[in-house]
Structures are given as structure tokens and as C-alpha cells.
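The structure appears right after this line, and notes come after that.
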Amino acid sequence: MRKKIAQSLLRLFGWKVIPHPGKQPEGSIICVAPHTSNYDFPLGLLYSWAAGFDSGFLMKSDWFFFPLGPIFRALGGIPVNRKERTQTVERLQEQLRQKGQIHLAITPEGTRSRGEKWKSGFYHIAVAAGLPIELAVIDYGKKELGIFEVFYPTGDMEQDLATIRSRYDKSQAKYPEQFTP
């Protein structure tokens, strides 16, 4: 029921779901980009429901106040305190070990505003947990969203991040001037 409703809502809003490029892994880190708008969250949530899988997601801890906090947690939200970067990666690695296989959506830009470069936490978490990175896009130009590639980290972080980032070169953010290079 949830799947059909989500598919219908996305169609109603004019969005096309990109078919998954193959068999979805049992667990993954989902790299979601570009992220420049608050609309990205409900679109991403509708996508995961329409595609038929549950996904956790990271969100700035400032959003986890009452009454939103319990709602975000129920939807799979994990609050992140940006001032505790190393603790965040270690805490997430432990949660992934405890929960087993999970899909965890992370926006590598880390914010809706333009930054200097992408954050690498999603990569560190994937490597430490032995998970592939599913590349997901919310392309406002084409009005398409979904997972378009499954990327297996090689361990060469600089090269892998450059490769991943290049996969989004033709994607259009809601606010292109805010998309972090």
C-alpha cells in the first residue's frame, strides 16, 4: 500500500523513478546528491517507499526537537552532531554492526548550502562496514530520482571520491548555485 501511494505521489508531482541498475545489495551506504533543498528529504523518502525498501538517513541533530524528533526517528533518522565528526563515524559503524545489513542514506555535501568540498564520512563508513555505495540522484532538471549505480570502494579514497563526484556532473540541483563541487 505504502509503495503504491508513494509511486502515485511521485507521478502526480511529475517525477520519474530511475530503475535500480541491478540487484540491490542487502546493505549499503546511499550517497544522495545533489542536496540543496528541504524538498530533497520528502522526495528521497517517497523514492525509498516507491522502490520498496527502507532506508535510514543522517540528519543534522538540530532537527530532532519535539515533535519532529520522534517522527524523524520513526522514519529511520539518525541525528548527527557536526562537531563530533570522528565520533559520528565510529558510532555509525557500531550501529551498522549491531543492526546487520541496512541501507543508510547520506548527503555527502553535508548541508544544503554551498561548501568547499564533499564530506568523506559516507566513504569511511562504507569501507569500515564493508558495504557498497549506492549512488542516488535527485535531478530537478530531468525530474528523475533514484539509485543509478552501485559503487564498490577500492580503498583509494581520493580516487574513489573523485570518481563518485564525477558521476553527478550532469545532475541539476534544485538550487544549482548551492551545489558543492
**Message:** Less than 30 Å apart at the alpha-carbon level, and either on another chain or at least 8 residues along: which lysines does that give for residue 3?
**Reply:** 16, 23, 60, 99, 142, 143, 170, 174
**Item:** Which of 102, 121, 140, positive extreme of dipole for the chain (C-beta unit charges)
**Value:** 140
**Fill in**
Sequence order, region 131-139: Karplus ³J(HN,Hα) from phi using 6.51 cos²θ - 1.76 cosθ + 1.60, θ = phi - 60°, Hz rounded, Gly and Pro as x, gives 10, x, 10, 8, 8, 10, 10, 10, 9
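Run the numbers for residue 87 and residue 8: contour at 0.36 nm per residue of separation, minus the present Cα-Cα distance, in nm.
Taking 0.36 nm per residue and subtracting the Cα distance, the gain is 24.5 nm.
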**Prompt:** Which cross-chain or sequence-distant (5 or more) residues have an amide H under 5 Å from the amide H of residue 36, H modelled 1.01 Å from N in plane?
**Reply:** 174, 175
**Complete:** Long-range amide H partners of residue 134, meaning residues 5 or more apart or on another chain whose placed amide H is closer than 5 Å, are 29, 30, 31, 151
**In sequence order, calculated HN-Hα J values of region 67-72 (Karplus, 6.51, -1.76, 1.60; Hz; x Gly/Pro)** = x, 5, x, x, 5, 4
**Asked** In deg cm²/dmol, rounded to 500, what helix-only [θ] at 222 nm does the chain give when every DSSP H run of at least 4 residues adds -39500 (n - 2.57) and the total is split over its residues?
**Response** -10500 deg cm²/dmol
**Request:** Give the residues of region 132-167 whose amide nitrogen is closer than 19 Å to a point set 7 Å from the Cα of residue 37 in the direction of its Cβ.
**Result:** 136-147
**Request:** Write down the radius of gyration of the chain and its Dmax, each obtained from C-alpha positions, in Å.
**Result:** 15.4, 42
**Prompt:** Charges only on Cβ, +1 for Lys and Arg, -1 for Asp and Glu: so what's the dipole of region 2-169 about the Cα centre, in debye to the nearest 20?
**Reply:** 580 debye
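Throughout, read-outs are computed from the coordinates displayed, never taken from laboratory work. Because the structure is a prediction, the values reported are computed rather than measured. Ideal geometry is used to build each Cβ from the backbone, glycine not excepted, and the neighbour counts take in all protein chains shown.
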